[in-house]
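Worksheet: one structure, shown below.
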Amino acid sequence: MKTLLITGGAGYIGSHIGCLLAQHNYTVIVLDSLVYGQSFDYPWATFIYGDFGDEQILNSIFTQYKIDAVIHCAASIEVGESVKNPLAFYENNVAKTIKLLRVMLNHHVKTILFSSSCAVFGIPKVLPLTEHHSFDPISPYGMTKYMMESIIKDMHNAYGLSYVIFRFFNAAGAWPEEKLGEQHIPETHLIPLLLRAAYEHKSFTIFGDQKPTSDGTCIRDFVHVVDIAHAHRLALSYLEQGGTSDIFNLGTGSGISVKEMIAAVDRICKTSVQVAVADDRPGDPAVLVADSGHARKTLGWDFRHS
Ligand code: UDP
């Protein structure tokens, strides 16, 4: 049995990954500082409250448990906020990740799965986005992910750190049977905000309807969070079997616009969400759609949910 440390394991994506891996006989330790207002009350992991950049806590975890791999999901995530407050993003995402990597190195923990993002690409020049598309992040958030990817690759070259980096497109969905779902306080994401608007009969604000897309609103590639969790299971087996360190885009290859998402919520919730239009959100590319062919071919991954 293998023991995993998941930073941000009480968060939206990290909790789905942890739950699935526990079902596949991994021992899961969750380290989380609960900054998005969530709680952690699940039987499938040992929960440790703390910051992933706190070297004292990290040292005590790596001393107490023989950690085989770290799954690093913890990060500041709001693109718009990163434009307003970049230093906080560089401190939280980059500086603290360096501390985590340093402690891993000191404790000879040699495997990491890292949650990166399609935000590393910036404005796509070619769609769908393959792993080899050029990198030109247009938000500090995307830049922090790009910097962390680079640091991990350099650690691979210098110290033999094994890694799989996943660039998630837009995570969506939930795992109701396990009482897992998406909740951030404050919530900034499209689907939960739309569902809340439908449920509470509140207005929803579209950030920009003059984008160069067919209906003027942004297009995103929504990939189910449980499918993302399965990719992590496959990546661990891949590395355990001697697979080379690599980077994979994770999406479905299909884009949905903000207006199409509103129409879907209206249809499913049998309602008509009130909509207002505001300015573009800084740092938002018009279209992000993944080519996940590399994950399909190399890991045998595919999405099971539309
Ligand atoms: N969006 C929006 N109104 C909102 C929240 C999001 O129009 O209240 C748009 C946002 O501009 C983007 C898309 O929905 O084009 C997805 O945003 P989200 O924050 O969910 O994810 P991101 O793409 O930033 O990772």
Dimensionless Rg over Rh [segment 1-80; C-alpha; Kirkwood]:
0.95
Could you go through segment 287-297 in sequence order and give the Karplus-derived ³J(HN,Hα) for each residue, using 6.51 cos²θ - 1.76 cosθ + 1.60 with θ = phi - 60°, rounded to whole Hz, and x for Gly and Pro?
9, 9, 9, 8, 9, 9, x, 5, 5, 5, 6
Tell me which trypsin sites (Lys or Arg not before Pro) from segment 1-108 have a DSSP coil assignment and no more than 13 other beta carbons within 10 Å of their own.
66
Amide H neighbours of residue 129 under 5 Å, at least 5 residues apart or on other chains, H built in the peptide plane: list them.
289, 290, 291
Could I get the Rg over Rh figure for the chain? Both from C-alpha atoms, Rh via Kirkwood, rounded to two places.
0.95
Sorted by chain and number, the residues with a modelled amide H under 5 Å from that of residue 206, at a separation of 5 or more or across chains, are 276, 277, 278
Amide H neighbours of residue 27 at under 5 Å, excluding residues fewer than 5 places away on the same chain, with H built from the backbone geometry, are 2, 3, 4
Expressed per residue, the solvent accessible area of segment 5-115 in Å² (1.4 Å probe) is about 41 Å²
Taking the 0 to 90 degree range and rounding to the nearest ten, how far is the long axis of helix 55-64 tilted relative to the main principal axis of the chain, both from C-alpha atoms?
60 degrees
Portion, in percent, of the accessible area of segment 133-246 that falls on carbon or sulfur, probe 1.4 Å:
53 percent
Most mobile listed residue (171, 95, 45) in the chain, GNM with C-alpha springs under 10 Å
95
Please state, to two decimals, what the Cα-based radius of gyration of segment 200-299 comes to when divided by 2.2 N^0.38 Å (N = residues).
1.39
What whole-number distance in Å separates the alpha-carbon centres of segment 246-298 and segment 10-72?
29 Å
Only Lys, Arg, Asp and Glu count, each charged at its Cβ (+1, +1, -1, -1), so figure out the dipole size of the chain about its Cα centre, rounded to 20 debye.
380 debye
Highest first, please rank the peptides 129-138, 242-251, 222-231 by the mean number of other Cβ atoms sitting within 10 Å of their residues.
222-231, 242-251, 129-138
Per-residue HN-Hα couplings for segment 254-271 [Karplus 6.51, -1.76, 1.60; θ = phi - 60°; Hz; x = Gly/Pro]
10, x, 10, 7, 4, 5, 5, 5, 4, 4, 5, 5, 4, 5, 6, 8, 6, 9
At 1.4 Å probe size, with every protein chain present, just tell me what the per residue accessible area of segment 136-239 comes to in Å².
43 Å²
Report, in whole Å, the centroid distance computed from the Cα atoms of segment 205-242 and segment 93-167.
16 Å
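The values are calculated or read from the model by the stated rules, or taken from the named source; none is laboratory data. Because the structure is predicted, anything quoted here is derived from the model rather than measured. Cβ atoms come from the backbone with ideal geometry, glycine included; neighbour counts cover every protein chain shown. Surface areas here come from the heavy atoms of the whole protein model, side chains and all, with no ligands, DNA or RNA. Shrake-Rupley method; radii C 1.70, N 1.55, O 1.52, S 1.80 Å.
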